[in-house]
Amino acid sequence: MGLAAISLFVLGGVSAVSAASDTTVQELEAQGPAPTASQMLEKARAILADAERSTQSATQSLRSARKENDVVKSLCLDDKLAQLEVARATVEERVLSLEGAIQANNAEGIEHDFSVVSALGDRIGSLANEAGQCIGEDRTSEGTGSSLQVTFDPAIPTTDTSSLPLGPNISTPPLAASATF
């Protein structure tokens with residue numbers, strides 16, 4: 001089984017979606033004129049750089065967890081790091097393939113490689129978040145500028161409804177005929 005097959009197995013498949021900070025071909029087309037091959041290559045290289053940063057961060061966290069002798073964190077981070085390394089290696093291969101497709105002027109190959117790199121960028125972002133969760137950090141909304149707003153339905157009673165008064169229609173059960181029955 002080749003590295004590509006292993007990476008698809010480990011990554012759980014690849015879908016053509018983009019990372020939060022990256023752009024797919026369809027999104028670029030919706031923004032205006034079709035992206036150029038050089039724009040796609042620039043985005044792909046940015047995804048590769050992000051993959052390398054995420055891998056380094058997970059490596060540092062794993063070293064810290066091992067110093068603290070935290071087995072649970074170490075196992076979790078080791079798993080995420082292994083997946084990050086496979087994803088990074090696959091992105092690196094796809095960037096090289098994208099460069100080759102650009103040199104060969106293969107439009108279909110360019111779009112395909114860019115879509116795969118974008119999908120892997122999304123997976124790398126997810127894995128980086130999961131690695132953060134291994135050590136107790138929640139990075140799911142980091143940098144998105146989002147905030148949580150809580151609203152309460154005014155129809156919800158404000159009084160304690162756990163012990164309602166008994167109504168007049170409740171009858172008492174009949175007495176037992178025998179104590180040993």
All but one of (1) surrounded by fewer than 17 Cβ atoms within 10 Å (Cβ to Cβ); (2) under 16 Å from the mean Cα position of the chain (by Cα); (3) of a type outside the set (A, V, I, L, M) hold for N69; state the number of the condition that does not hold. (2)
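Quickly run through the range 108-140 and pick out the residues that are farther than 17 Å from S54 by Cβ and modelled with pLDDT under 90.
The first filter runs over the range 108-140 and keeps only residues farther than 17 Å from S54 by Cβ, leaving 108-116, 136.
Residue satisfying the conditions is G136 alone.
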Cβ-Cβ under 6 Å pairs, at least 6 apart or on other chains, the range 67-88 side without any contact (Cβ under 8 Å) to a residue 24 or more places away in the chain, far side assigned to a helix (DSSP H, G or I) and hydrophobic (A, V, I, L, M, F, W, C): S74/A65
Matching residues in the range 34-61 (surrounded by fewer than 21 Cβ atoms within 10 Å (Cβ to Cβ), hydrophobic (A, V, I, L, M, F, W, C) and farther than 15 Å from D122 by Cβ) number 4
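The values are calculated or read from the model by the stated rules, or taken from the named source; none is laboratory data. The structure displayed is predicted, hence computed values, not measured ones. As a convention, Cβ positions derive from the backbone with ideal geometry for all residues, glycine included, and neighbour counts pool all protein chains shown.
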